[in-house]
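The values are calculated or read from the model by the stated rules, or taken from the named source; none is laboratory data. Every value quoted in this text rests on a predicted model; they were computed, and no experiment measured them. No Cβ is skipped: glycine too gets one built from the backbone with ideal geometry, and neighbour counts run over all protein chains shown. When the accessible area is computed, the model is the full protein with side chains, heavy atoms only, and any ligands, DNA or RNA have been set aside. Shrake-Rupley method; radii C 1.70, N 1.55, O 1.52, S 1.80 Å.
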Amino acid sequence: MSEITQEISNRRTFAIISHPDAGKTTLTEKLLLYGNAIHEAGNVRARRNQKNSTSDWMKMERERGISISSTVLQFPYKGFTVNLLDTPGHQDFSEDTYRTLMAADAAVMVLDAAKGVEPQTRKLFDVCAKRGIPVFTFINKLDRPSRDPLGLLDEIEEVLGMQPVPMNWPVGDGASFMGVYDRASEQVHLFDRTARNQTISPEYITDMDDERIEASLSAYQLDDFQTNVMLLDELAAFDYEAVLAGKQTPVYFGSALTNFGVQLFLDDFVEYAPEPASYNSTVGKIDPDDDPFSGFIFKIQANMDPRHRDSVAFLRICSGRFERNMTVKHPRTGRTIKLSRPYAFFAEERSVVEEAYAGDIIGLPGNRLFTIGDTLSAGKTFKFDPIPRFAPEHFARLINLDISKQKNFQKGLEQLETEGAMQVLYDADAFRRDPILAVVGVLQFEVVQARLEDEYNVKTKLEMLPHSLSRWVLGEPDEIDKLPWRYGILRTKDNQGNLVALFNSAHELSYYDGKYDNVEFVTVQNQIEI
Ligand code: G4P
């Protein structure tokens, strides 16, 4: 195996999804603890809080307990290079989550053991299913009173339509939670808690009849545990192909807070999560180890650090090896670009990377040429398949309250649209010149307003529109003119000058769709590139 192939096959690139509060941040931190990337837990959260205090729009994140911006973290673990992509926990940012999942080869779904599959887990899982990547499940918070494990498994199967395969089984729950039975080795892993759960928990590998188990569980709990372990063989067996196909999800029980079961999960995950996958392009499939360097931009974020005010484009490497100072093609503009300041990210810290491989994520700062979906390649010229956009469901006019700040207003809107924070439309019948923001979830409105004020010093006001659906309109101009534009449908244009119709309801759309045969209404997802 060549060195490049070896490096690539050791990459594990994944994202964590969860309903807010299920424990995504805590698990992330504990994976870093067990990956030796931090020595004491508590830092990531502390850093987050620090970041929040420097920027108002991040304050919103803290107040609402949601994570809006995604972070990329890399750490080595047992010969693997793990790339962990953080996703927003709130469904209103599902488009951002989807873009992040485009850069991931697997997803970890965190569930709260007392709550099971929550509404937002379900929505985010749908986004995962659309992307078609394997999903690993971590059932968290077993140190609190939890629901019956079998019931939780049933719920995963019923609600998410995947076959859950318990890879381990909890010993007790709540105050009596002491560890897990590992199905593969048929051994029990018991743990001790550490001070404030900040350091790695001592682990004891033992068997089912260890007296500590009997001493700590009630007679009922002990009987339940022993019976369930005996019955495990009657549950589905681990089938690697089914996991890769997204039909099965391996399920792990544990507690991110007390560290119980975290290492077992990580050990299994690096072994079973897929290697970097191929991506489709205009010249067919691009394999990770066949081709020279190529990748695509899946996220752009400006003003991450108010001291720098720069814009960072995040690139997923899809093939080959990247070297600093490499000159690459940028097919969308036809230019060649030298990548001289690539960064790897560790939480809020960045360091210059000299080399990286397919599966890795690098940050490219300071280049305003890039937009989401752009391909960069060192070999032949091609484009990766476009990243689909979600159809917006909420529309509102955005009014600039201080006309002397018009320039900043425009600049801010342009930047936020480049980042994919929202789409911007303009009323084509021009009785109002205020831009119309089109978003998938209403919280996006608040983020746009807060960031405009914070980063561009522009105060704005929103006027909600009654529409709930948009479609690009294709057809001959005189046919398009026949639509009853002034009676309900709003005629708008996007930034490329394409005609976009806003409808009040799906019912209205299907009525006009049936009536005007020579006009085509196309959905956002599959027709328009960004
Ligand atoms: P999120 O990123 O999915 O939104 O969840 P996060 O990790 O922030 O966890 C949400 C809350 O749940 C936190 O408590 C966290 O400490 C707690 N938590 C996470 N994992 C576990 C677990 O395994 N067991 C228990 N008992 N609690 C867990 P908080 O009170 O909101 O914050 P903090 O004051 O503890 O930091």
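Data table
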read-out: Count - residues of region 113-131 that are of a type in the set (K, R), farther than 27 Å from M230 by Cα and within 16 Å of the ligand (Cβ to nearest atom); value: 2
read-out: Residue count for region 151-160, restricted to those that are open to solvent by less than 60 Å² (accessible area, probe 1.4 Å) and of a type outside the set (V, I, T); value: 5
read-out: From the options P134, P145, residue that is modelled with pLDDT of 95 or more and away from the ligand (no atom under 16 Å from the Cβ); value: P134
read-out: Close pairs from region 23-36: first closer than 13 Å to L73 by Cβ, partner near the ligand (Cβ under 8 Å from one of its atoms) and part of a helix (DSSP H, G or I), Cβ under 7 Å, at least 6 apart; value: T25/R45; E29/R45
read-out: Options A107, A129, A175, A114; residue that is crowded, with 22+ Cβ neighbours inside 10 Å and either in contact (Cβ under 8 Å) with a residue 60 or more places away in the chain or not in a strand (DSSP E or B) (or both); value: A107
read-out: Q248 vs. criteria open to solvent by less than 70 Å² (accessible area, probe 1.4 Å), under 24 Å from G23 (Cβ atoms) and more than 22 Å from the chain's Cα centre (by Cα); value: no
read-out: Residue satisfying condition, being aromatic (F, W, Y) and open to solvent by 10 Å² or more (accessible area, probe 1.4 Å), within set F265, F238, F293; value: F238
read-out: Scan of region 18-37 for residues that are more than 8 Å from the ligand (Cβ to nearest atom) and either under 16 Å from T100 (Cβ atoms) or outside any helix (DSSP H, G or I) (or both), ordered by number; value: G35, N36, A37
read-out: Flag for V312 being at pLDDT 95 or above, under 30 Å from N36 (Cβ atoms) and either surrounded by 13 or more Cβ atoms within 10 Å (Cβ to Cβ) or of a type outside the set (V, I, T) (or both); value: no
read-out: Residues that are within 18 Å of V500 (Cβ to Cβ), open to solvent by 10 Å² or more (accessible area, probe 1.4 Å) and assigned to a strand (DSSP E or B), drawn from region 393-406; value: H394, R397
read-out: Test: residue in region 191-208 that is within 16 Å of V262 (Cα to Cα), without any contact (Cβ under 8 Å) to a residue 24 or more places away in the chain and of a type in the set (A, V, I, L, M); value: yes
read-out: Residue that is open to solvent by 10 Å² or more (accessible area, probe 1.4 Å), among the hydroxyl-bearing types (S, T, Y) and modelled with pLDDT of 90 or more, where the choices are T54, T5, T71, T25; value: T5
read-out: From F409, F390, F370, residue being at pLDDT 90 or above and either open to solvent by 30 Å² or more (accessible area, probe 1.4 Å) or assigned to a loop (DSSP other than H, G, I, E, B) (or both); value: F370
read-out: Residue in region 94-112 that is more than 23 Å from Q423 (Cβ to Cβ), of a type in the set (V, I, T) and within 16 Å of the ligand (Cβ to nearest atom) present; value: yes
read-out: Unmet requirement for L376, which otherwise passes all of (1) under 20 Å from P276 (Cα atoms); (2) more than 19 Å from the chain's Cα centre (by Cα); (3) not in a strand (DSSP E or B); value: (3)
read-out: Flag for S319 being within 17 Å of T381 (Cα to Cα), away from the ligand (no atom under 16 Å from the Cβ) and surrounded by fewer than 24 Cβ atoms within 10 Å (Cβ to Cβ); value: no
read-out: Unique residue being more than 16 Å from the ligand (Cβ to nearest atom) and within 18 Å of N83 (Cβ to Cβ) when the list is F265, F269, F238; value: F269
